[in-house]
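Read the figures in this text as sums done on the coordinates, not as results from a lab. Quick caveat, the model's predicted, so the values are computed rather than measured. Cβ: placed from backbone, ideal geometry, glycine included. Neighbour counts: every protein chain shown.
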Amino acid sequence: MQTKKINPKQHYIIRIDRGEEVMEQLTNFCQKNNIYSGSFHGIGACSEAEFGYYSVELKGYNTKVITEEHEVTSIIGTISDKKIHAHATISDKECSEEGGHVDRMIISATCEIHLIAGDESLSRKMDDETGLELLDI
């Protein structure tokens, strides 16, 4: 295990509106506000989601696109200088859940995010064993 202390700089409440794509909106917000470390969590509703499942053995993602309305029961993630990394769980009208690594998510009603920005920059570096850019801490 590796750790790095990040001092919280600011808390934000973000509302992502109908028709907007979550990852794009969060990326734009962080770039505009010079946020290079932090975390977030939220809830909402989506009309489309593209999830990935990463295979360490194959060093690649399998993806699944869901194109019907779902509740976003949880979206959580980390922020670094290179990217936003998010996972989510969504629930359909039968209350059956699906989820995974978020590639894209289009909001159908709203998405309410609580974002905690760090005061420092957090970077990533390639890990040859997993094939992923891991937090450099």
Query raised in the report: Any idea how many residues of the stretch 64-90 are part of a strand (DSSP E or B), within 15 Å of the chain's Cα centre (by Cα) and either farther than 18 Å from residue 27 by Cβ or polar (S, T, N, Q) (or both)?
Result: 5
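Among the residues of the stretch 74-111, which ones are in contact with a helix residue (DSSP H, G or I) (Cβ under 9 Å, 6 or more places away or on another chain) and without any contact (Cβ under 8 Å) to a residue 60 or more places away in the chain?
Across the stretch 74-111, the qualifying residues are 75, 77, 79, 83, 88.
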Query raised in the report: Assuming residue 1 fulfils every condition listed in (1) touching a Cys at 6+ places or on another chain (Cβ under 7 Å); (2) closer than 26 Å to residue 121 by Cβ apart from one, which condition is it?
Result: (1)
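Yes or no, residue by residue, for (1) assigned to a strand (DSSP E or B); (2) touching a strand residue (DSSP E or B) at 6+ places or on another chain (Cβ under 9 Å); (3) farther than 24 Å from residue 135 by Cβ; (4) not β-branched (Val, Ile, Thr):
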| position | (1), (2), (3), (4) |
| --- | --- |
| 24 | no, yes, no, yes |
| 39 | yes, yes, no, yes |
| 103 | yes, yes, no, yes |
| 109 | yes, yes, yes, yes |
Report summary line: Residues of the stretch 13-35 being under 14 Å from residue 119 (Cβ atoms) and either over 17 Å from the mean Cα position of the chain (by Cα) or surrounded by fewer than 18 Cβ atoms within 10 Å (Cβ to Cβ) (or both), in sequence order, are 33, 34
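Mind listing whichever residues of the stretch 114-134 are in contact with a Leu (Cβ under 7 Å, 6 or more places away or on another chain), assigned to a strand (DSSP E or B) and either touching a residue at least 60 places away in the same chain (Cβ under 8 Å) or surrounded by 15 or more Cβ atoms within 10 Å (Cβ to Cβ) (or both)? It would help to see each step written out before you state the result.
So the first thing to find is which residues in the stretch 114-134 are in contact with a Leu (Cβ under 7 Å, 6 or more places away or on another chain), and the list is 122, 124-125, 127.
Subset that is assigned to a strand (DSSP E or B): 124-125, 127.
Result: 124, single match.
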